[in-house]
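The values are calculated or read from the model by the stated rules, or taken from the named source; none is laboratory data. If you're wondering where the values come from, they're calculated on a predicted model, not measured in any experiment. Glycine gets a Cβ as well: all are built from the backbone with ideal geometry, and neighbour counts include every protein chain shown.
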C-alpha cells in the first residue's frame, strides 16, 4: 500500500507544498527581473531617441566616470591607439576630449616629438583635464595643449595635422557633415580620422552609418576594426 510518509518523516503532501511555495517565489522573482530588464531596455531606447532628436555633449558632471578605470576596461586605451593609427612623432587632434580618459595615453604614445591638441566645447571638462595633467603621475607630459572650441571652426591651418580622433563624440555633434568637412580641412593629404563608437553609448551609431557619413564629405575608408560592440572606423583624406 502507498505511504504518504517519506523516509525522513515528512508527508509527501508537505514536501509538495514547500516545493510549490518555493517555485512560486522563483516565478515572482523572474517576473520582477523581466520587468526591470524591460524597463531598462525601454529607458535606453528613449534615451537614444532623445539623443538623436537633440544631439548634445556629455554633461561635465559625469567627467569623473568618463575618466575612470572602469571605462578604460570597457574601452582599452591601447586598443584605441592601435586601431586609430596613433604613433610616435605625429600631430594629433582629440575632438571632444572631455575629462581626458585617453589623452595621457595618446600623449605618451606620440612622445616628445609629437603633439596632442585636446579640444572640447565645455570649459568644465577642460578644467578637469587640466587638473589631471597637473597631478604628479602626469608631470612628464609636456606635449598636450588644451583648446576650448567646437568642431565647426577649428583653430588650425589647412593641411596641418596628421591625425584626428573622436571617441563616442561624432553623434553628439548636431551638424556632423559640417564638422567632418572642417576636420578634413585641417588634416594633411593622407591624414587620418579615427572614429570610435561603443554600443553602450546613448548616441551609438552602426559602423556602416559612420563609414557613410565620412564618405559623404570625401573621406576614403582606410580600415574598419572591431565588432558591433566596440569599433573604430579609420578614414583617410585623399
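Values computed for the structure shown
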item: Residue in segment 85-104 that is more than 25 Å from residue 236 (Cβ to Cβ) and part of a helix (DSSP H, G or I) present; result: yes
item: Of the criteria (1) in contact (Cβ under 8 Å) with a residue 60 or more places away in the chain; (2) not in a strand (DSSP E or B), which one residue 215 fails; result: (1)
item: Residue match in segment 179-198 (condition: assigned to a loop (DSSP other than H, G, I, E, B), in contact with a helix residue (DSSP H, G or I) (Cβ under 7 Å, 6 or more places away or on another chain) and surrounded by 20 or more Cβ atoms within 10 Å (Cβ to Cβ)); result: no
item: Test: residue in segment 190-199 that is modelled with pLDDT under 95 and either in contact with a strand residue (DSSP E or B) (Cβ under 6 Å, 6 or more places away or on another chain) or closer than 17 Å to residue 161 by Cα (or both); result: yes
